[in-house]
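The values are calculated or read from the model by the stated rules, or taken from the named source; none is laboratory data. This is a predicted model, so every value here is computed, not measured. Neighbour counts run over all protein chains shown; Cβ positions are idealised from the backbone, glycine included.
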DNA sequence: TTGCAAATACAACCAGGTTGCAAAATAAAG
DNA sequence: CTTTATTTTGCAACCTGGTTGTATTTGCAA
Ligand SMILES: [Mn+2]
Ligand SMILES: [Mn+2]
Ligand SMILES: [Zn+2]
Ligand SMILES: [Zn+2]
């Protein structure tokens, strides 16, 4: 069962409307969503509550949280999907949309002695086909 | 002549204390600085004025503006220096410091038809040697 | 059904950045 | 050295994305 209520129950967290609806939204999404994206889908969920709901979904393993290159958090359902992992993303600076690219992420660089690597991120920005077409 | 007043004069912009002092600060810096970095060096320059001063230096070619991976702008003097161009950078998540790495930036990926590339950025985060040592 | 821990709403706050506008400063012309 | 037109500055207000504190409400187990 991948319905939100059962997933939440199985994860051992309280089943609340905010969690159920946020998880539904994440499951329905085709791309990782920002807090603002989700908020516009669930206008009657309090802003701060939504931040905490999303973090709780991450904490219990039902969602993934990643920073995009603008430093904005993006959330996705982490079911059996395992999407968006072995490829990089393109961000349109005009519409803000994210597109999956076929390319693999670049390998992490060698660091000087004593340095510890936490994360690498490859940011690719530009104008998507739609936006480029409209302005032309 | 690479003194700020002459550079500003030669660039055809008005010579103001804020511009002179900001350009001095950028020239003295060993790394690209954020607005906050520069502000702490020039506490009596108005916050908004500093944003505009920095943008004016960029507009007249005396400074370079780049976004770091947290989406924060970083400014550097763009004299005959041409530093920080062919290599990538490491950001310490503990102290916020930036270190130059020897590695070259990864090549830009192929994009789907119609997409236009503006910029790529490789973000490498972790803990620097100093911070790693202190916590150990 | 009751009771307590967990979750929610609301207000306040923060960083980084932008906008509008009146007052002040630059630099050119007289 | 003044006058003047144009920039620049300072200040207040605002914006997005995010966090913290706390009183109230809710989930759910006993
Ligand atoms: Mn993807
Ligand atoms: Mn460098
Ligand atoms: Zn677009
Ligand atoms: Zn450090």
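How many residues does the range B:91-105 contain that are more than 16 Å from ligand 2 (Cβ to nearest atom) and surrounded by 13 or more Cβ atoms within 10 Å (Cβ to Cβ)? So the answer is 2. Is it the case that residue A:73 is facing chain B (nearest Cβ under 7 Å) and modelled with pLDDT of 85 or more? Spelling it out, it is not the case that residue A:73 is facing chain B (nearest Cβ under 7 Å) and modelled with pLDDT of 85 or more. Taking the numbered list (1) within 14 Å of another protein chain (Cβ to nearest Cβ); (2) surrounded by 13 or more Cβ atoms within 10 Å (Cβ to Cβ) in turn, residue A:112 passes all entries but (2).
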